[in-house]
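To keep things clear, I will list the structure first and then write my remarks on it.
The values are calculated or read from the model by the stated rules, or taken from the named source; none is laboratory data. Here the structure is a predicted model, which means the values were calculated and not measured. Don't worry about glycine lacking a Cβ; one is built from the backbone with ideal geometry, like all the others, and counts go over all protein chains shown. Protein only, heavy atoms only, side chains kept; ligands, DNA and RNA dropped before computing areas. Shrake-Rupley method; radii C 1.70, N 1.55, O 1.52, S 1.80 Å.
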Amino acid sequence: MRSGIIVLTYFIFLSLFVNSQTPEIDSLRNLINTTKVDTVKINSLNELANKLIRVDLQNAMDTANLSIELAVNSDYPKGLAGAYKIKGILFYYFGQTDSSFYYSYLALELYKENGYLIDAAKTYNNIGIFKKNNGDLQEAIDSYFKAIEILENTNDKATLISVYINVSTAFRYIGNFQRALESNFKALEILDKYETKTASDSLQTAHIYKTIANIYTDQKNYKLAEINYFKALEIYELLNSQTDIGDIYLNLGYLEFGDTTNIENISILWYNYEIKLKKSILDSLRILKAKNYTLKSLDYYENKNKITTAYINLSEIYIELKNYDSAEYYTNEVQKLSLETGDKRSLAMSYTTFGVIYFKKKLYNKSIEYLQIALDTTNSIGDINIFLGVTENLFKSYKRIGNYEKALEMHELFKEANDSIFNTNNERSLTQVSMSYEFEKEQEQSELKHQEEIKRQKLIRNFSFAILLLVIAMLIFVFNSLRTKKRKNEELQKKNAEILQQKEEIETQRDEIEAQKEQIEIQSKEIEKQRDIAIKRGDEIEYQKREIDASIRYAQRIQFAILPTTKPLKKYFNDNFVFFKPRDVVSGDFYWIAEKNNKIIVVAADCTGHGVPGAFMSMLGISLFNQIISEAIDIQSDYVLNKIREMIMSSLKQGLDKIESIKDGMDLSLIVYSPETSEIQFSGAYNSMYIVKNKDIEALTVKETRLFSDKNKKLYEIKADRMPIGVFIIETDNFSKNSIKVDKGDKIYLFSDGYPDLYNRKDKAKFTTKRFKELLIETSDLKMSEQEKRLNQKFEEWCGGYKQIDDIIVIGLEI
C-alpha cells in the first residue's frame, strides 16, 4: 500500500512538469503507472531519471528521490544503489561535488555488498570522471584501474573500452603520454577481437585513433599524428560522420603549422595574433596546404561554433600569406556568426584580428580602435589568453604612433598577465632548468672523456713510431756492421792493422753522432706536440669555465624572476624590509609572499644545500607554495606546512625506507596574518618567529614561547616544531599552529639560520642567536629601512671582508 501511495504521488507530481516528452519517456511513465511489481517500478523510475538528466535536472533529482523511497520500503538494494548512482551524477551537474561523491560511494558499497560487480565497475568509472574533472588526477586514475580490474573478468567489453579511453585522458592531462598511448592501444586491442563490429564500434575505433593522434601532436611527433588522423578519417568517411570529418581536416591544418593544438583545446590556440612560426614551415606550400585543409573542413560543418573556429583559422592563414582582403572577409564572417550565437570570446577574437590586419596595413589609429573594443570585450569575459594578444598588439600600435604613455600602460598590463601565467608554469620551468643543467654536465663529462681518448691515442701512436725508429736504427746498425766487417776482411790483405783500426774508430764515432742527432730531433718534435696539446687543453678549460659561469648566471636570473613581489607587504603592514643575501650566485634560501581571502601569507625558508642544488629546491618550494595556496579554501598555517611536506616528499620520492640516503628538504617559518582580527598564525619547521612588543604577549594558542627582554622592550620567541619539511623519523606528527593577538607597532621577524651563524674568521666565533636577538631589540625603535641598514652594517663588520658561509634571509614586518 505504501509503494502505491508513492507512485500515485509521483504521477500527480510528474504531470505538472512533463506535458510533452519523447515517446521513450511516455512509455516509461505508462509502465510505472500500470505495473504492480515494485522492482519493475523502481527500475523504470531509475531509467526515467536517467532520461530526464538531459531534459530537466531538478525533475530528474525528484524522480531519483522517489525511486530511493520506494526501494527502501521494498528492500531492493540494486534499485536503491541505482538511484544513489543517479543522484551522484545529478549532484555533480549541480556543482555539489561533496554530495556527488557521497552518493556515488553509497551506490558503490551496495553494489559490492550484493555482488553486482559490473555496476560497481561503472560506478568506479563515474567516480574517476568526477575526480578527473575536479583536478584530482591520480585519484581518478586509481578509480579507473579499480573499474578495469573488475571488468577484465567480465564480458562487458564495451564498458571496459570506455574506461581505458577515460584513463588515457587522465594520463594525458598529467603529461604521461606513454601510459596514455598504452591505454588507447589496449582499447583498440579489445575492439579488434570483436567477431562482428557495429557502426558504433567502428565510430569508437575512429575516436581512439583521433585521440592517439592528439597525443602524438602533444609530443610534437607530427608524422605519427598525421598517420593516425588519416586512419580516423578513413573510418569517419565510411560512416559519413560529417562533423568528425571536419574536425580531422581542421587538425591536419594545425599540423601543417607544426603546432600542438587540436580541436579539444582550440580555446588557447589563437590568443597571440602575431604567430611566430618555425623557420622550417614558413614556406608558402605548407601554408597553402594548411589553408586547403581548413577550407575542406567547412564542407562538413553545420554547427556555427565549428564554422566560426574554421573562419578564425583561415583569417590567420591569410594574414600569414599577406592576403589582407581575404583575411578581412573571414574576420567579418567570424563577427557575424559570433553575434548570432552570442559567443563573446569569438567576437573578441574578431576585433583583435581586425586590429592585426590594420596594423599590417599600417593603419595604426584604426588598428587601435578595433583593439580597444577587443580589450573591453575581453575584460567582460575574463579570457587571459586573448587579453595577452590584445595588450601586446595595442602596445605595438601605440608605439608606432608615438603615444609612449599608452604604450607603456599596455606593456605593463601584458607583463602582469604574462607573469600570472608564468607562475602556473613554474614547475615546468624548474624541470627544464634541471634538464638543461644535467645535459650540460653530461656534455662536459663526454668532452673530457673524448680529450682523454685523443691523448691516449697520440701516446700509443708516438710510442709505436719510436719503436719503429729504434728497429730501423738497429737494422741500419747491423747492416753497417756487416758491411764494415766485410770491408775490413778485404782491406786486411792490402793495408796494415793500424790504418784499419783507425778507420773503424772514425766510422763508429760518425754512426753514433748520426744516431744521437736523430734522437734529438725526435725528442724535439715530441716536446712541440706536447706543448700544443697543453695550450689547446688550457683554451678548452677556459671555455668550459665561461660556459658554466654563464649557465649559473642564467639560473640566477630565473630564480630572481620567480621570487614574489614584496608589494603586498605594504598593503598589509605599516612598514617592512626583506634582507636577502645569497652566499653564491644562486641561493638556497628564499622568501615567499601571497594574499588570499583578506589574509597575507609570508614565508622565510632555508633549503638543503647552497648554490645550484639549493636553488633547485627553492624553485620547487615556490612552485608548491603557489599550488597549495591556489587550491586551499581556508588558509591555516599548520595545514600549509603539512601539505608542503607531503608534496616535497612526493616530488623527491622520499620515504622512511630511504631516510639514510635522501634528506633533502627545507626549514622554514610561516605566518598567516589577518588585519580584520589582528591575529597572526605561526607554524615553523625548525625556524622560530620573534615578536618585539612593549607589553605582554596575548597568545590564543601557542605551543612554546621564550621571553628575551631589554629595558622596556620584550622579544618573544615563538618556538617552531623540531622537524623539517621533508623526510623525518617522526614525519607522521602534524605541525602545530600558534595563534597570537598583535597590536599596532608590534614587530615580527622571520629568518633562516644564516644570520645567527655568521662566522668571524679573525676571532673564530659565530654571531650566535643571542647577539641576533640583542641586535633586533637594540634597533627595533628604528624605521624598518634603517633597521635593515644596521643589519647589513653588522653583517659586513662581523664577516670582516671574508665570504659568508651560508645564505641569509631576514624578514621584518611592523603591524
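Pairing residues of the range 777-795 that are closer than 20 Å to Asp753 by Cβ and aromatic (Phe, Trp, Tyr) with residues that are open to solvent by less than 20 Å² (accessible area, probe 1.4 Å) and part of a loop (DSSP other than H, G, I, E, B), at Cβ distances under 8 Å and at least 6 apart in sequence or on separate chains, gives Phe795/Tyr755; Phe795/Leu758. Being of a type in the set (Phe, Trp, Tyr), within 43 Å of the chain's Cα centre (by Cα), closer than 26 Å to Ala140 by Cβ and at pLDDT 90 or above is a property that Phe94 lacks. A count restricted to the range 585-618 and to residues that are touching a residue at least 60 places away in the same chain (Cβ under 8 Å), under 16 Å from Ser752 (Cα atoms) and outside any strand (DSSP E or B) stands at 6. If you check Ala550, Ala555 for being under 30 Å from Ala615 (Cβ atoms), out of contact with any strand residue (DSSP E or B) (no Cβ under 7 Å at 6 or more places or on another chain), open to solvent by less than 90 Å² (accessible area, probe 1.4 Å) and in contact (Cβ under 8 Å) with a residue 40 or more places away in the chain, only one passes: Ala555. The single residue among Leu388, Leu347, Leu394 that is closer than 30 Å to Asp244 by Cβ and among the hydrophobic types (A, V, I, L, M, F, W, C) turns out to be Leu347.
Residue count for the range 69-81 under the criterion of being in contact with a helix residue (DSSP H, G or I) (Cβ under 6 Å, 6 or more places away or on another chain) and either among the β-branched types (Val, Ile, Thr) or open to solvent by 10 Å² or more (accessible area, probe 1.4 Å) (or both): the result is 6. Looking at the range 139-250, the helices (runs of 4 or more DSSP H) lying wholly inside it that each contain 3 or more residues that are closer than 30 Å to Ile287 by Cα sit at 199-218, 222-239. The condition (being in contact with a Leu (Cβ under 9 Å, 6 or more places away or on another chain), among the basic types (Lys, Arg) and closer than 16 Å to Glu717 by Cα) is satisfied by just one residue among Lys766, Lys747: Lys747.
Among the residues of the range 780-815, those that are hydroxyl-bearing (Ser, Thr, Tyr) and at pLDDT below 95 comprise Ser780, Tyr802. Screening the candidates Gly128, Gly88 for the property of being touching a residue at least 12 places away in the same chain (Cβ under 8 Å), within 18 Å of Thr154 (Cβ to Cβ), part of a helix (DSSP H, G or I) and not polar (S, T, N, Q) yields one hit, Gly128. Against the condition open to solvent by 10 Å² or more (accessible area, probe 1.4 Å), closer than 30 Å to Tyr194 by Cα, not in a loop (DSSP other than H, G, I, E, B) and not aromatic (Phe, Trp, Tyr), how does Asn59 come out, does it pass? Spelling it out, it is not the case that Asn59 is open to solvent by 10 Å² or more (accessible area, probe 1.4 Å), closer than 30 Å to Tyr194 by Cα, not in a loop (DSSP other than H, G, I, E, B) and not aromatic (Phe, Trp, Tyr).
Applying the selection to the range 522-579, what residues are of a type in the set (Asp, Glu) and not in a helix (DSSP H, G or I)? Correct list: Asp575 only. Of the residues screened, Lys366 is not one that is open to solvent by 80 Å² or more (accessible area, probe 1.4 Å) and assigned to a loop (DSSP other than H, G, I, E, B). Within the range 91-125, the set of residues being surrounded by 18 or more Cβ atoms within 10 Å (Cβ to Cβ) and not in a helix (DSSP H, G or I) comprises just one member, Tyr116.
Suppose we keep only residues that are of a type in the set (Gly, Ala, Ser) and crowded, with 20+ Cβ neighbours inside 10 Å within the range 595-621. Which one would you say is farthest from the chain's Cα centre (by Cα)? Residue satisfying both the conditions and the ranking: Ala604.
For the range 216-244, the set of residues classified as of a type in the set (Val, Ile, Thr), touching a Ser or Thr at 6+ places or on another chain (Cβ under 8 Å) and in contact (Cβ under 8 Å) with a residue 40 or more places away in the chain consists of Thr217 only. Checked against (1) surrounded by 19 or more Cβ atoms within 10 Å (Cβ to Cβ); (2) at pLDDT below 85, Asn19 passes all but a single condition, namely (1).
Condition (residue is in contact (Cβ under 8 Å) with a residue 40 or more places away in the chain, open to solvent by 100 Å² or more (accessible area, probe 1.4 Å) and not polar (S, T, N, Q)) applied to the range 510-530: is it met by at least one residue? Yes. Taken over the range 31-45, the criterion of being in a helix (DSSP H, G or I) and open to solvent by 60 Å² or more (accessible area, probe 1.4 Å) is satisfied by Leu31, Asn33, Thr34, Asn43.
Determine which member of the set Leu28, Leu48, Leu52, Leu66 is more than 30 Å from Phe171 (Cα to Cα), touching a residue at least 60 places away in the same chain (Cβ under 8 Å) and crowded, with 19+ Cβ neighbours inside 10 Å. Matching residue, one of Leu28, Leu48, Leu52, Leu66: Leu66. So which residues in the range 791-815 are surrounded by fewer than 16 Cβ atoms within 10 Å (Cβ to Cβ) and either of a type outside the set (Asp, Glu) or under 39 Å from the mean Cα position of the chain (by Cα) (or both)? Listed by number, the residues that qualify are Asn792, Gln793, Gly800, Gly801, Tyr802, Lys803, Ile805. The residue that is farthest from Leu371 (Cα to Cα), counting only those in the range 316-347 that are open to solvent by 20 Å² or more (accessible area, probe 1.4 Å), assigned to a helix (DSSP H, G or I) and among the polar types (S, T, N, Q), is Thr341.
The set of residues from the range 329-345 being of a type outside the set (Asp, Glu) and more than 16 Å from Asn379 (Cβ to Cβ) comprises Tyr329, Tyr330, Thr331, Asn332, Val334, Gln335, Lys336, Leu337, Ser338, Leu339, Thr341, Gly342. How many residues are touching a residue at least 60 places away in the same chain (Cβ under 8 Å), under 40 Å from the mean Cα position of the chain (by Cα) and surrounded by fewer than 19 Cβ atoms within 10 Å (Cβ to Cβ) when one looks only at the range 732-763? Selection size over the range 732-763: 5. Does Gly175 fit the bill of being more than 28 Å from the chain's Cα centre (by Cα), over 21 Å from Asn50 (Cβ atoms) and free of Cβ contacts under 8 Å to residues at least 24 places away in the same chain? Judged against the criteria, Gly175 is not a match. Output the residues belonging to the range 764-790 that are open to solvent by less than 40 Å² (accessible area, probe 1.4 Å) and within 27 Å of Lys741 (Cβ to Cβ). Residues satisfying the conditions are Phe772, Lys773, Leu775, Leu776, Ile777, Thr779, Ser780, Met784, Gln787. A residue that is open to solvent by 50 Å² or more (accessible area, probe 1.4 Å), without any contact (Cβ under 8 Å) to a residue 60 or more places away in the chain, more than 26 Å from Leu758 (Cα to Cα) and not small (Gly, Ala, Ser) can be found somewhere in the range 568-576.
Is there a residue being within 27 Å of Asp299 (Cβ to Cβ), exposed (fewer than 14 other Cβ atoms within 10 Å of the Cβ) and of a type in the set (Ser, Thr, Tyr) anywhere in the range 202-225? So far as the range 202-225 goes, no, none of its residues is within 27 Å of Asp299 (Cβ to Cβ), exposed (fewer than 14 other Cβ atoms within 10 Å of the Cβ) and of a type in the set (Ser, Thr, Tyr).
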